[in-house]
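> Encoded as structure tokens, here's the structure I'll be asking about.
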Amino acid sequence: MRRSNLAVTVLSALVLGIGATSFSAGVLAQSWPTKPIKFIVPYPPGGGTDVIARIMQEPLSQALGQQIIIDNRGGAGGSIGTDIAAKSAADGYTVLFTLSSHTINPAIFPKLAFDTEKDFSPVSLVASLPQILVANPDFPAKNVKDVIDMARAKPDAVSYASVGNGSPGHLAGAMMASSAGVSMMHIPYRGGGPAITDVMAGQVPLLWVSIPAAATYVKAGKLKALAVSTVKRSAIFPDVPTMVELGFKDYEVDSWYAMFVPAKTPQTIIDTLYKATIKVLAEPAVKEKLMGQGAEAVGSTPAQLGAVVKAELVKWKKVTKEAAIKAE
């Protein structure tokens, strides 16, 4: 009898504890945010992801009533910062602001410390844009045909940089070489900023990178643009041809930027952040700033972003296998 009463007492305590925890989580979600929010950008300052995140930073801070802090954690094609975000508290105060490498990395890295789907809850797509192939102004190739001819004459003598293994730029370069039947050396960097610095210094001749990272330097004549990776030309660089126009059939690498939070983050918090993001993306000033970087404001529901992730995990697994793309 005593054992039975003890069991009842323990069970009652557990139920009360669970109830208290659920109540606390509910109150937390309803009052969120009450302190600054950290955006983990898994790339160094100066790259495309960093540029887009900073465009969103101030207007989103105003919409949420709390300061947003950008925390750059570059390395391993975005995997280092993504892992940090995955292991953060699911309380809404850590947000992963990343790009489409999020769905590419699982296809080329044999073992990631996180699960792209299970460890994150989607919030919203933010923007979409092409990758752009840029070169040092002194590089003798005037166009993509020249690049391919040089690579065909001397295999692996022509190298191209990207923001890291598994990045859209890595895929753009690998698909270019694979489609043309040539061998080119890929040089991964920790982000767009360092890669651009080395290309302008002549350390590497070519770079596939997102337009926001390169736009300023192309306009200033410090880099020359050779092609873009999307089916349509970029509105910001209408004179730069697409790879499809240059004879690369079915060639398309579309970069997107999006926000995720650690799995098990309360849905109320996700919905609040999603609604604030959609509101900000509708602001003409924000749209104009994004367009100034060659990016198009997108916005999506959490479910729509989740569907994009699921579809692209399948897509990039197939593409990387066919093109034999692996992390160097």
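The values are calculated or read from the model by the stated rules, or taken from the named source; none is laboratory data. A quick note: this is a predicted structure, and the numbers were derived from the prediction, not measured. FYI the Cβ positions are ideal-geometry reconstructions off the backbone, even for glycines, and counts take in every protein chain you see.
> Return yes when Ile196 is crowded, with 21+ Cβ neighbours inside 10 Å, β-branched (Val, Ile, Thr), at pLDDT 95 or above and under 20 Å from the mean Cα position of the chain (by Cα) and no when it is not.
yes
> Moving to a separate point now. For the stretch 67-86, which residues satisfy the criterion of being more than 14 Å from the chain's Cα centre (by Cα) and farther than 13 Å from Ala113 by Cβ?
Correct list: Gln67, Ile68, Ile69, Ile70, Asp71.
> Still on this model: Please find, among Lys232, Lys287, Lys249, Lys264, the residue that is charged (D, E, K, R) and within 17 Å of Pro122 (Cα to Cα).
Going through Lys232, Lys287, Lys249, Lys264 in turn, just one is charged (D, E, K, R) and within 17 Å of Pro122 (Cα to Cα): Lys264.
> So Pro262 fits all but one of (1) closer than 24 Å to Pro140 by Cβ; (2) of a type outside the set (Gly, Ala, Ser); (3) in contact with an Asp or Glu (Cβ under 9 Å, 6 or more places away or on another chain); what number is the exception?
That leaves (1) as the condition not met.
> While we're on this one: Can you tell me which residues in the stretch 40-69 are among the small types (Gly, Ala, Ser) and buried (at least 17 other Cβ atoms within 10 Å of the Cβ)?
Within the stretch 40-69, Gly46, Gly47, Gly48, Ala53, Ser61, Ala63 qualify.
> Identify all residues within the stretch 200-247 that are in a loop (DSSP other than H, G, I, E, B) and touching a Phe, Trp or Tyr at 6+ places or on another chain (Cβ under 6 Å); write none if there are none.
Answer for the stretch 200-247, where residues must be in a loop (DSSP other than H, G, I, E, B) and touching a Phe, Trp or Tyr at 6+ places or on another chain (Cβ under 6 Å): Pro205, Leu223, Met243, Val244.
> Step by step: first the residues of the stretch 27-50, then only those that are within 26 Å of Asp115 (Cα to Cα), out of contact with any Lys or Arg (no Cβ under 8 Å at 6 or more places or on another chain) and among the β-branched types (Val, Ile, Thr), then the one that is modelled with the lowest pLDDT. Which residue is that?
Thr49
> Identify, by number, the condition in (1) within 19 Å of Gly169 (Cβ to Cβ); (2) among the small types (Gly, Ala, Ser); (3) assigned to a helix (DSSP H, G or I) that Ala276 doesn't meet.
(1) is the only condition that Ala276 fails.
> Moving on to the next point. Does Leu99 fit the bill of being touching a residue at least 12 places away in the same chain (Cβ under 8 Å) and either crowded, with 24+ Cβ neighbours inside 10 Å or of a type in the set (Phe, Trp, Tyr) (or both)?
Spelling it out, Leu99 is indeed touching a residue at least 12 places away in the same chain (Cβ under 8 Å) and either crowded, with 24+ Cβ neighbours inside 10 Å or of a type in the set (Phe, Trp, Tyr) (or both).
This table checks each residue for (1) charged (D, E, K, R); (2) within 18 Å of Asp271 (Cα to Cα).
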residue	(1), (2)
Pro45	no, no
Asp83	yes, no
Lys87	yes, no
Asp91	yes, yes
Thr98	no, no
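Yes or no, residue by residue, for (1) part of a loop (DSSP other than H, G, I, E, B); (2) closer than 17 Å to Glu312 by Cβ; (3) touching a residue at least 24 places away in the same chain (Cβ under 8 Å):
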| site | (1), (2), (3) |
| --- | --- |
| Ala89 | yes, no, yes |
| Pro106 | no, yes, yes |
| Ala127 | no, yes, yes |
| Arg152 | no, no, yes |
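> When the stretch 248-273 is examined, which residues are found to be assigned to a loop (DSSP other than H, G, I, E, B) and of a type in the set (Ser, Thr, Tyr)?
Tyr251, Thr265
Okay, residues lined up against (1) over 22 Å from Gly164 (Cβ atoms); (2) at pLDDT below 95; (3) not charged (D, E, K, R):
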site: Gly74; (1), (2), (3): no, yes, yes
site: Ser88; (1), (2), (3): no, no, yes
site: Tyr93; (1), (2), (3): yes, no, yes
site: Thr98; (1), (2), (3): no, no, yes
site: Leu112; (1), (2), (3): no, yes, yes
site: Lys118; (1), (2), (3): yes, no, no
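> Let me ask something additional. Within the stretch 289-307, track down each residue that is part of a helix (DSSP H, G or I), modelled with pLDDT of 95 or more and surrounded by fewer than 18 Cβ atoms within 10 Å (Cβ to Cβ).
If the condition is that a residue be part of a helix (DSSP H, G or I), modelled with pLDDT of 95 or more and surrounded by fewer than 18 Cβ atoms within 10 Å (Cβ to Cβ), then Ala303, Gln304, Gly306, Ala307 are the ones that fit.
> Please determine whether any residue of the stretch 228-238 is within 21 Å of the chain's Cα centre (by Cα), at pLDDT below 95, more than 25 Å from Ile55 (Cα to Cα) and surrounded by fewer than 23 Cβ atoms within 10 Å (Cβ to Cβ).
yes
> Scanning the stretch 155-193 for residues that are surrounded by fewer than 18 Cβ atoms within 10 Å (Cβ to Cβ) and at positive phi, which turns out modelled with the highest pLDDT?
Only one residue fits best here, namely Gly181.
> Also: How many of the residues in the stretch 127-155 are farther than 21 Å from Val244 by Cα and over 28 Å from the mean Cα position of the chain (by Cα)?
Of the residues in the stretch 127-155, 6 are farther than 21 Å from Val244 by Cα and over 28 Å from the mean Cα position of the chain (by Cα).
> Just give me the residues in the stretch 272-302 being of a type in the set (Asp, Glu) and either in contact with a strand residue (DSSP E or B) (Cβ under 9 Å, 6 or more places away or on another chain) or touching a residue at least 40 places away in the same chain (Cβ under 8 Å) (or both), in sequence order.
Within the stretch 272-302, Glu283, Glu296 qualify.
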